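The values are calculated or read from the model by the stated rules, or taken from the named source; none is laboratory data. Here the structure is a predicted model, which is why all the values come from computation and not from measurement. Reconstructed Cβ throughout: ideal geometry from the backbone, glycine too, with neighbour counts over all protein chains shown.
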């Protein structure tokens, strides 16, 4: 695998082998209704052509995992990172015994990659049809909805949020074709830390150990990524998620930071904010992407935090940093439910 010192050195054509991804599959007569009652999006209305960002919560509205939900080959799939995915898998299995649904971890059946926009054509030739490749490339370039392409060998969808790339999952027999395409085209291929840094740079939340079951989805900006359908039916944690919105109780949001050094920091570590001559606890880290010469972190802070607010690591007070601008609006608009109540 190639190595990378900084995201600024990342070429336009590259791939990342995602060994830390997890794919949970739900299949069966009641798969739709079961998952609909578990995650924050309307599964019953989920199109087979679109990937939706989701959150999976406990009954207190605290998030076990975030990721993408899709339809594929008569299954519902949840794609997330392995650490939080294991929590979701355990909870889905616990309640799934009462429904006609088969829930499995199918990660080992697939090779999973993140492919940059400019690498899509070269890497996916021979894996998907030319028309599907063109459709995916168009979706990524236009930063439109997360369009899915799929066949019997796998699927791919735009990551969205200006990330300029696609998640690709192909069955192991066809993975050699994709890897050969990468090698023959001399496309740099990196490990997970690069993808972690890319996600954080675009403020795409991911929960690493130390941040699981700590935050309601709005604190992770899930609503800003179209990951909560507030007017769907009941689901795990729905009362807390809805109350947080309609009563205006959420005062937290996720922000990203870039530190110009490779440092020791982990999810769950505390950030402090400078207030005059003093420092006060501001929030905690939820994910980290560590490169050769820089470290990317995402943390949940007060949602009125600005790019001029100086922060530091509580356990390494010499490391200071400023939050980066959010690439999307975190303000919540009034929903149809609110309008109907007036």
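Key figures for this structure:
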| read-out | value |
| --- | --- |
| Residue selected from segment 45-100 under the condition at pLDDT below 95 and touching a helix residue (DSSP H, G or I) at 6+ places or on another chain (Cβ under 7 Å), by the criterion surrounded by the most Cβ atoms within 10 Å (Cβ to Cβ) | 96 |
| Test result for residue 168, under 18 Å from the mean Cα position of the chain (by Cα), buried (at least 19 other Cβ atoms within 10 Å of the Cβ) and either free of Cβ contacts under 8 Å to residues at least 12 places away in the same chain or under 19 Å from residue 78 (Cβ atoms) (or both) | yes |
| Some residue of segment 252-272 being assigned to a loop (DSSP other than H, G, I, E, B), touching a helix residue (DSSP H, G or I) at 6+ places or on another chain (Cβ under 8 Å) and surrounded by 15 or more Cβ atoms within 10 Å (Cβ to Cβ) | no |
| So residue 108, is it over 19 Å from residue 194 (Cβ atoms) and assigned to a strand (DSSP E or B) | no |
| Extreme residue, farthest from the chain's Cα centre (by Cα), among residues of segment 112-142 that are crowded, with 20+ Cβ neighbours inside 10 Å and either without any contact (Cβ under 8 Å) to a residue 12 or more places away in the chain or in a strand (DSSP E or B) (or both) | 128 |
| For residue 177: the one exception among (1) touching a strand residue (DSSP E or B) at 6+ places or on another chain (Cβ under 6 Å); (2) in a helix (DSSP H, G or I) | (1) |
| Filter pass, residue 203 being touching a residue at least 12 places away in the same chain (Cβ under 8 Å), closer than 30 Å to residue 299 by Cβ and out of contact with any strand residue (DSSP E or B) (no Cβ under 6 Å at 6 or more places or on another chain) | no |
| Residues of segment 293-329 satisfying the condition of being in contact with a helix residue (DSSP H, G or I) (Cβ under 7 Å, 6 or more places away or on another chain), within 30 Å of residue 231 (Cβ to Cβ) and surrounded by 18 or more Cβ atoms within 10 Å (Cβ to Cβ) | 298, 300 |
| Qualifying residue in segment 10-31 (condition: in a loop (DSSP other than H, G, I, E, B), at pLDDT 95 or above and under 24 Å from residue 216 (Cα atoms)) | yes |
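For (1) more than 30 Å from residue 143 (Cα to Cα); (2) within 22 Å of the chain's Cα centre (by Cα), each residue gets a yes or a no:
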residue: 262; (1), (2): yes, no
residue: 277; (1), (2): yes, no
residue: 322; (1), (2): no, no
residue: 328; (1), (2): no, yes
